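Okay, structure first, notes after.
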Amino acid sequence: MTTIYSNKITVSVQAGATQYDLHVLVENMAGASIVGATVTAGGKTATTNNLGYVDIYLPPGTYTVTASASGYQTASKTINLQGNYSLIIQLQSTTTTGNCTFNINASVSYGYGYVSPTSATVTSSQSATFTAYPQANYQFSSWEIVLNGRSNISLANPLTLTYGDLIAMQPCSNSNTYSVSLKARFIAKTIR
């Protein structure tokens with residue numbers, strides 16, 4: 001520790017006290033954020049916020065970052081933290097029971113472009129992949145996945161929705177049919 005005296009002001013600086021921000025996003029395999037996931041790194045534990053993010057402050061070093069959430073397999077990544085660091089950890093759903101049908105309708109909610117395909121049906125052990133195509137001077141921004149009144153955001157394009165991902169958003173105990181609204185959002189490109 002170094003102490004500096006200067007005209008009635010004392011400043012103490014401890015060497016090696018640097019801490020960096022480890023910014024972690026936890027999402028499912030479809031790219032939808034997972035709220036309330038537990039993230040552990042360097043002996044510290046935090047819970048993701050309503051957007052699926054958590055910030056943990058740690059000194060420089062190598063860390064194993066572990067994320068877990070109910071209904072998902074635990075996942076870990078090892079990082080070398082030498083500055084502020086952003087990390088995405090995707091969790092695989094463990095809930096694939098039930099015999100439900102998910103009817104997905106895709107459309108554009110904002111901006112100019114189109115999606116393909118515009119609809120698909122997902123049942124047990126199936127998946128569907130959607131791609132958003134922007135028109136000139138626009139770029140893809142995000143997908144909004146709306147299922148049973150709950151909304152999730154995904155930045156993945158193309159976006160693959162598996163049966164397990166959909167079951168994680170809407171648990172299935174009977175042979176129910178659910179409607180899923182998938183909306184692509186495009187934003188104007190910045191012209192310099």
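Remarks
- Residues Leu155, Leu91, Leu22, ranked from the fewest to the most other C-beta atoms within 10 Å, line up as Leu155, Leu91, Leu22.
- Based on Cα contacts under 8 Å between residues 6+ apart, the stretch 25-165 shows a relative contact order of 22 percent.
- Extension gain from Gln19 to Asn84, taking 0.36 nm per residue of separation minus the Cα-Cα distance: 22.5 nm
- Ordering Lys183, Lys77, Lys189 from the fewest to the most neighbouring beta carbons within 10 Å gives Lys189, Lys77, Lys183.
- In range of the label at Asn174: residues from the stretch 83-127 whose backbone nitrogen is under 15 Å from the point 7 Å along Cα→Cβ: 98-101
- Relative to one another, the C-alpha centroids of the stretch 15-46 and the stretch 70-118 are positioned 16 Å apart.
Bear in mind these aren't lab numbers, they're just calculated from the coordinates by the rules spelled out. The structure displayed is predicted, hence computed values, not measured ones. As a convention, Cβ positions derive from the backbone with ideal geometry for all residues, glycine included, and neighbour counts pool all protein chains shown.
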